[in-house]
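Below is one structure, written out as structure tokens; the observations come after it.
Bear in mind that the values in this text are calculations on the coordinates, not laboratory data. Only a predicted model underlies this, so the values are computations on that prediction, with no experimental measurement involved. All Cβ positions, even for glycine, are placed from backbone atoms using ideal geometry, and neighbour counts span all protein chains on display.
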Number of protein chains: 2
Amino acid sequence: MRKNQHTRADQTRDRILRAAIREFSEHGLAGARTSAIASAARVNKALLYYYFRDKEALYTAALEEVAGKVAGDAIAVLDLGCSPGERVLRFALQHFDRNLSHHGFQSLMQQEMVRFRTGQSHAMRIIAKNAFEPMWDRALGLVHEGIGSGELCNVDPMQMMYAALGANVFYFLSAPMVRLVTSSDPLEPGPMAERRTAAIEYLGQTIFTDRRRGARLARTVLAAMPIPANAIPERKTA
Amino acid sequence: MRKNQHTRADQTRDRILRAAIREFSEHGLAGARTSAIASAARVNKALLYYYFRDKEALYTAALEEVAGKVAGDAIAVLDLGCSPGERVLRFALQHFDRNLSHHGFQSLMQQEMVRFRTGQSHAMRIIAKNAFEPMWDRALGLVHEGIGSGELCNVDPMQMMYAALGANVFYFLSAPMVRLVTSSDPLEPGPMAERRTAAIEYLGQTIFTDRRRGARLARTVLAAMPIPANAIPERKTA
DNA sequence: TTAGTTAGATTAACCGGTTAGTTAAAATGT
DNA sequence: ACATTTTAACTAACCGGTTAATCTAACTAA
């Protein structure tokens, strides 16, 4: 079960996968160029087909890699030792931070949702079962537990999740438009940090039965989880 | 300023544009096939190039059409005679309904956001100025007014918008995944109607200073705006 | 008459995928 | 210990299909 052997081959495969994630997230399946992936991975184009059956298999592999990592990180947070309510806050904040530091991942997922909805996608079923179902079950169970113990308000867990995660997705999705329409740039460190704080505080004030406790936990969580560095900076090509 | 002349030419142009919107929203700029657009519009391929310079110009035109319509509809709601708070609720509900009945539009916008963020897109600047800026200014002004009159809670209008619209976008975006992960389908009429109600009621309870008033207005708005028919049904191609 | 439209052939570029071959290192034989 | 064979990793060059876009010539409706 060794996943990351230090052999040269595995390093190469990994380079290809990373390059693929980037290319696909920026251009979609159809728009991505295999030659671009190859050169970004500093590899000959034919080598892509040595490691992966075809373009779509590479795309699927990229998707699974991303989904696996996202779900794995999330589950680690969901299994923390603190109270259910605090874990929900941490979960939401982690989701925000993932958008911030790896928003290529999020683009990839979003594009795949569109692709799947229009009825072309085998990958989705697989990553749903392997990655997202375990995560989702845990998240909903957690909210359930929090409601049971009286910590969280008694609302449909699903609806709570939409509120918690939707605002994050929308913030990053609309950022380019907001930058053009207003004079400030939501992706600049200042506004970003403000929004990050606001999102968690808002959540703390709305999902807890004891608002005061919610506010305090929000502050705790924000203090415990620092703003991550932007791991994969955007390259402005055009 | 006659926009929709009844001449044959304008009808044809319109058919092309509609077909383009659909094709681009389902497959993206790169994935869309001009031949598919032509045949969907029941038109010869050469005619596309009679009306539009090239594929990208057609794409841009499709985007402008969508943006214009969205912003126009939204502004009509924002300029209604009722109180600012009620108009915000109507605005949010309209946004939900647009996702429901024209979610091709939303896909198109989402894809373009990704495209723009990675630095390829002239269209965005144009539609931001012409369509979204007027809409956005009005929406924010409205919230401001509502806060001024004491109807709405004194929170950053922008943050309120993220909460109001984000959950909607995320609901539809995640629907395919949720369908696979849970046993219920968010896009079925039942869950859909439930979510629609929940979203507006939630908003009513969180943005108004007088929660009771918010709840009442939410009911009013829900009663006044019926669930629209799914105007552009999905065709499952694969 | 003329703007709108079709049919279909054609071109040129692009791009996914293949092929045939190279290199390096590990495995094997002696 | 050294020669050899095998295997895995990798590359340069190319092929064939696809696709956007053009052109010509004719047809049709207002």
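Quick rundown of the values:
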{"quantity": "Most mobile of B:V221, B:V114, B:V66 in a GNM of chain B (Cα contacts under 10 Å)", "calculated": "B:V114"}
{"quantity": "Peptide B:105-114, shielding by other chains (average Cβ, 10 Å cutoff)", "calculated": "5"}
{"quantity": "Under the Karplus curve 6.51 cos²θ - 1.76 cosθ + 1.60, θ = phi - 60°, whole-Hz ³J(HN,Hα) for segment B:36-42, x wherever Gly or Pro sits", "calculated": "5, 4, 4, 6, 5, 8, 6"}
{"quantity": "Of B:K55/B:K129; A:K45/B:K45; A:K69/A:K129; B:K69/B:K129, pairs whose Cα-Cα distance is over 25 Å", "calculated": "A:K45/B:K45"}
{"quantity": "Amide hydrogen neighbours beyond the local backbone of A:L152, cut-off 5 Å, H modeled", "calculated": "A:I147, A:T209"}
{"quantity": "Per-residue average of Cβ from other chains inside 10 Å of B:21-31", "calculated": "4"}
{"quantity": "C-alpha long axis of helix B:8-31 to longest principal axis of chain B, angle in °", "calculated": "80 degrees"}
{"quantity": "Pairwise label distance in nanometres, B:L80 with A:A40, each label 7 Å out on the Cα-Cβ vector", "calculated": "4.4 nm"}
{"quantity": "In order through segment B:65-79: 3J(HN,Hα) via Karplus (6.51 cos²θ - 1.76 cosθ + 1.60), integer Hz, x for Gly, Pro", "calculated": "4, 4, 4, x, 5, 4, 5, x, 4, 5, 5, 4, 6, 5, 9"}
{"quantity": "Net charge of Cβ neighbours under 13 Å - reference B:E194; Lys, Arg +1; Asp, Glu -1", "calculated": "-2"}
{"quantity": "At R0 = 56 Å, FRET efficiency that the Cβ-Cβ distance of B:T209 and B:A9 yields, to 0.05", "calculated": "0.55"}
{"quantity": "Lys, Arg +1 and Asp, Glu -1 on Cβ, resulting dipole of the protein assembly as shown about Cα centre, debye, nearest 20", "calculated": "1160 debye"}
{"quantity": "Rg(Cα)/(2.2 N^0.38 Å) for the protein assembly as shown, N = residue count", "calculated": "0.99"}
{"quantity": "Cα-based shape type of segment B:114-213, given that a ≥ b ≥ c are square roots of the gyration tensor eigenvalues and the cut on a/c is 1.5", "calculated": "oblate"}
{"quantity": "Anisotropy class of chain B from Cα gyration tensor, a/c 1.5 cut", "calculated": "prolate"}
{"quantity": "Among B:Q205, B:Q159, B:Q94: highest mean-square fluctuation, GNM of chain B, C-alpha pairs under 10 Å", "calculated": "B:Q159"}
{"quantity": "Those trypsin sites (Lys or Arg not before Pro) in segment A:44-114 that DSSP places in a loop and that have at most 11 other beta carbons within 10 Å", "calculated": "A:R53"}
{"quantity": "Residue among A:G148, A:G85, A:G28 with the largest mean-square fluctuation in a Gaussian network model of chain A, springs linking Cα atoms under 10 Å", "calculated": "A:G148"}
{"quantity": "Sum of side-chain charges, A:A32 neighbourhood, beta-carbon under 9 Å (Lys, Arg +1; Asp, Glu -1)", "calculated": "0"}
{"quantity": "Average other protein chain Cβ within 10 Å of Cβ, residues B:119-130", "calculated": "3"}
